[in-house]
Amino acid sequence: MPPEPSLENRDVAANLAAVRRMIDRTCLDAGRDPAGVELVAVTKTFPADVIRAAYDSGQRIFGESRLQEAKPKIDVLPEDIHWHFIGRVQRNKLRKILGAFKVVHGIDSMALASAADRIAGEEGRRSAVFLQVNIAAESSKGGFHPDELILNFPRLAALSNLDVLGLMAIPPPSESGSETRQWFAAVRELRDRIGREHGVHLPGLSMGMSGDFEAAILEGATLVRVGSAIFGNR
Ligand SMILES: *Cc1c(COP(=O)(O)O)cnc(C)c1O
């Protein structure tokens, strides 16, 4: 007989099912196909056995924000997991991050994008990335300034070893859901503007976390990064 799941792991399965239902229902409200929204289960600070419970419930995409913390978990968990790096990327760890993760969300400068392109070329593979946008131009936050991104886009598009999947953003903290939703809309509009001005369609929008993923989906998120709603508070 398989071992009884622990109470904690049963919670993970139930929370995951609840989050998936909320995603599906929000897609329905927005007239979108739920298949167009990927759920990245964010597992930072949680141990491998908790991640395993989510895996056993069918989850295959997981997000981590620190290489040292993630590596031991990646090594013991099933190989068919798609790992996404969602943290701040340190230049000196970029090669290892690109090696361990299928998608890197935090490419936040032209220099980092160029480095990722060069490393991918040297290693003979492509790097799948999201460009992080500092959508509200907050001084405390990294990421491309929206105008800087528009200006630099031709140079980014010329990096031939990068697959730029789209834009990633974390809106400023806000008391009001409607304000958060406006920031998500601003990210989508920036994506559309890049498309119009540079003739490239960026399909992906990585935006929305536990507290605001429904608003993000209503504004076009194709990938939501959800941690505490599934695994509990950190
Ligand atoms: C931790 C983290 C998340 C998940 O946050 P929750 O509020 O726990 O859902 C999403 N994105 C990034 C970049 C994170 O660092």
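The values are calculated or read from the model by the stated rules, or taken from the named source; none is laboratory data. This structure is a prediction, so every number in the text was calculated from the model and none was measured. Don't worry about glycine lacking a Cβ; one is built from the backbone with ideal geometry, like all the others, and counts go over all protein chains shown. SASA here: full protein model, heavy atoms, side chains in, ligands and nucleic acids out. Shrake-Rupley method; radii C 1.70, N 1.55, O 1.52, S 1.80 Å.
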(request) Can you send over the solvent-accessible area of D80, 1.4 Å probe, protein chains only, in Å² to the nearest 10? (result) 70
(message) Using only the heavy atoms of the protein chains and a 1.4 Å probe, how would K71, K102 rank by accessible area, largest first?
(response) K102, K71
(message) Within segment 7-227, what whole-number % of the accessible surface is contributed by carbon and sulfur, with the 1.4 Å probe and all protein chains included in the calculation?
(response) 50
(message) Which one, N233, L112, A157, projects farthest toward the positive side of the charge dipole computed for segment 88-234 from Cβ point charges (K/R +1, D/E -1)?
(response) L112
(request) Working from Cα positions, state the angle (0 to 90°, nearest 10) between the long axis of helix 177-198 and the longest principal axis of the chain. (result) 50
(message) With a 1.4 Å probe and all protein chains left in place, how much accessible area per residue does the chain have, in Å²?
(response) 48
(message) Helix 110-123 against the longest principal axis of the chain: what's the angle in degrees, Cα atoms only, rounded to the nearest 10?
(response) 70
(request) Within the chain, what's the longest run with no GluC sites (Glu not before Pro) in a DSSP loop and at most 10 other beta-carbon atoms within 10 Å? Give the range, please. (result) 80-174
(request) Would you mind working out the magnitude of the charge dipole of the chain relative to its Cα centre, with +1 at each Lys and Arg C-beta and -1 at each Asp and Glu C-beta, to the nearest 20 Debye? (result) 540
(message) Just to confirm my numbers, what's the Cα centroid distance between segment 17-34 and segment 48-125 in Å?
(response) 26
(message) Can you give me the angle between helix 146-157 and the longest principal axis of the chain, using Cα atoms only, in degrees from 0 to 90, rounded to the nearest 10?
(response) 90
